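I have placed the structure first, in the form of structure tokens, so that the comments after it can refer back to it.
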Amino acid sequence: MTFRVLVTDEIDPEGVALLAAAPGIAVEEVPTLPKDELLRRIGEYDAIIGRSATHVSDELLRAATHLKVVGRAGVGIDNIAVDTATELGIAVINAPAGNTIAVAELFFGTVIGLLRHLPRAYESMHAGTWDRSTLLGTELNGRTLGIVGLGRIGSEVSARARAFGMKVVAYDPYISESRFQALHVRRAESLDDLLDETDILTVHTPLTEDTRGMIGQRELNRLSPDAIVVNMARGGIVGEDALAEALNSGCLAGGAIDVFVKEPLAPDHPLRSTRNLFLTPHIGASTAEAQRNVAVDACAAVRDALVLGELSRSINVATGEPGRWTELSPVRTLVRRAAAIGRAVLASQSGTAVGRIEVRGGPSVAGSRDALVTSAALGALDAVVEHDRLNMINARTMAEERGIELSFTETSDNERPGAYALEVRLTGGMKGITVGGVAQGTYNGGTDGGCRITRIGEFMVDVCPRETLLILTNRDVPGVIGRVGTVLGDAGVNIAEYHQARLAQGGEALAAVSVDGALGSDLKRQLLALNEVSSATVITFRGS
Ligand code: NAD
């Protein structure tokens, strides 16, 4: 059998050659095809590989009667109708890692450019002047680099920074201690700790609810006026208005931005006239090597998917116990949401990164242990990793890459017919938390996911984890529920369920509040401002 692969959008020839050399694959290379022609031809192919120019739409996928794989030579999958592909059983494969070095190198290019005034030096020489007095620079050597997000790119930046003689400190609550040690990077316990000692701040996190606006006016003011701030990750992680204001008012020495909230950046955007700001038009991945890497990665993964049936690189294919996928959907949802709760509570109450996740369940779910630990990994990584890169296939690897150990323990608990009781225990350093719940044996859809949370740490609760769960710890005194309700009510937040639990009268208490819609960080601050409330954790659930 020969698989026919359509390569479009000028994929680097090294990737195409790799496919062409594979036995059982016939490659056809075409330029970016007009929509109608592609629609007419797509039924002949088993795979299509492209970059961003070809729109792999719902219509195209439905016309692609033989298509098994869509390959994207790059990270972004905005041009692919992934939900339709999943529905049709078509694997979608992208190449997220090939541009890591390109971004790390651009970071040093722009920072040295800023410190040594290279754009001005270049312009002054071309303008016929010889003005050395205004070009006195500073060095990287001996300065402290503060990295937010010690993933692929953050790690490569850290290694190069050490070669420049810099001190490196990083804030990434989701990376294990052993990874910090292996990279010789000092861990900052909080973002504020990092800001207090940083000369050059750089963000390398995904854009998530937690990281959007993470570096705003307050954070920029906390930095020294000699500091430099760099965003080569995603537009909006560093607040654009706040950065412009800090640079224009002299509260910050310099900045470098490669990514913007809205791209392309408007010709008259205020950032363009901000002083000491080195702007580049999202060229982090624009090197010949990165383009070749992503082409080779994507083509190799498409080849393996077709020839070997290897789908571990697919972003949309889920695994599970054969024949029980639908039946166990509430159990996977329970485990995923329990892990998300445990991760958030560990992070907010003790700043601890998860090092180990153990799922505990009875014999009737033990056969699905792989899918369950993967679901727990998904839950623990949901708020940490960009959503379009995380699924049932890759969550386990992603967790393990972050140094998180995953395990399943079969319990001998008596099981009630039609209900599954499970616990997820997360540990990090000396801290640990167990979150447990019950999942239905049959589930007809709906936003509750068919499960309830019955235990958070030592507290016995009974609450359905719907869209958003708010967890408060407070002193057990009269009136707290009313005051919390008033804060939420005044903000127009609808409470679906409110469960208050305590260990002893007058002692520590915990409230699990399931609410409709999202909760903003302002609201969290208002809740923390209540005298009795000692911690507030918000978990927004994604996926089931
Ligand atoms: P990665 O997933 O390998 O690493 C991201 C790291 O951020 C992880 O270690 C994660 O634990 C950490 N993190 C997540 N939330 C955090 C939080 N709230 N606080 C602190 N740390 C947090 O990703 P990567 O491949 O290193 O990419 C990093 C960023 O760079 C992404 O946003 C990616 O889209 C972007 N990127 C930009 C370009 C460009 O052209 N400029 C090219 C490639 C990647």
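The table below lists the values:
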item	result
Furthest towards positive pole of dipole, Val302, Phe278, Gln291, structure part the stretch 266-306, Cβ charges	Phe278
Farthest positive-ward along the stretch 329-540 dipole, Cα basis, beta-carbon charges - from Ile433, Ser368, Cys464	Ile433
Projected area, mean over directions - the stretch 217-364, Cα convex hull, nm²	14.8
Heavy-atom accessible surface of the chain: percent carbon and sulfur, 1.4 Å	50
Selection from Ile25, Thr411, His66 lying farthest towards where the dipole of the chain points positive, charges on Cβ	Thr411
Spread of Cα-to-Cα distances over 5 Å intervals beginning at zero, given as percent, for the stretch 100-279	1, 8, 17, 21, 21, 15, 9, 4, 2, 1, 0
Student exercise, the stretch 62-202 dipole from Lys, Arg, Asp, Glu Cβ charges, in Debye to nearest 20	520
15 Å tail of the calculated P(r), the stretch 236-314, as % of Cα pairs	66
Three-way shape label, the stretch 329-540, alpha-carbon gyration tensor, a/c 1.5	prolate
Under-5 Å amide H pairs with Ser534, H placed in peptide plane, nonlocal only	Thr473, Asn474, Arg475
Student exercise, the chain dipole from Lys, Arg, Asp, Glu Cβ charges, in Debye to nearest 20	680
Where the chain is the region considered: accessible area per residue in Å², 1.4 Å probe	45
Counting all C-alpha pairs of the stretch 32-93, share separated by more than 16 Å (%)	34
Computed over the chain, the ratio Rg/Rh where both radii use C-alpha atoms and Rh is Kirkwood	1.00
Table column - 3J(HN,Hα) (Hz), the stretch 236-246, Karplus curve with 6.51, -1.76, 1.60, x for Gly and Pro	x, 5, 9, x, 5, 5, 4, 5, 4, 4, 5
Within straight-line cross-link reach of Lys167, aspartates and glutamates at Cα separation under 12 Å, skipping those fewer than 8 residues along the same chain	Glu197, Asp199
Separation of alpha-carbon centers, the stretch 38-80 and the stretch 242-272, rounded to whole Å	36
Accessible-area value, Thr211, 1.4 Å probe, nucleic acids and ligands omitted, Å²	10
Whether the stretch 397-515 is rounded, prolate or oblate, judged on the alpha carbon gyration tensor where a/c under 1.5 counts as rounded	prolate
Whole-Å distance, taken between Cα centres, linking the stretch 343-379 and the stretch 92-147	42
Average projected area [Cα convex hull, the stretch 167-228], square nanometres	4.4
Test item: Cα-centred dipole of the stretch 415-535, Lys/Arg +1 and Asp/Glu -1 on Cβ, debye	240
Rg/Rg_ref, the stretch 50-171, where Rg_ref = 2.2 N^0.38 Å and atoms are Cα	1.63
³J(HN,Hα), Karplus 6.51/-1.76/1.60, whole Hz, each residue of the stretch 143-149, x for Gly, Pro	7, 9, 9, x, 9, 9, x
Arg4 accessible area, 1.4 Å probe, all protein chains in place, Å² to nearest 10	80
Candidate residues Tyr420, Tyr174, Tyr122, Tyr45: accessible-area rank, largest first, probe 1.4 Å	Tyr122, Tyr174, Tyr420, Tyr45
When the stretch 126-180 is reduced to its Cα atoms, the Kirkwood hydrodynamic radius in Å	13.4
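The values are calculated or read from the model by the stated rules, or taken from the named source; none is laboratory data. Please read these numbers as outputs of a predicted model, since none were measured by experiment. All Cβ positions, even for glycine, are placed from backbone atoms using ideal geometry, and neighbour counts span all protein chains on display. Remember, those area values only see protein heavy atoms, side chains included, never the ligands or the DNA or RNA. Shrake-Rupley method; radii C 1.70, N 1.55, O 1.52, S 1.80 Å.
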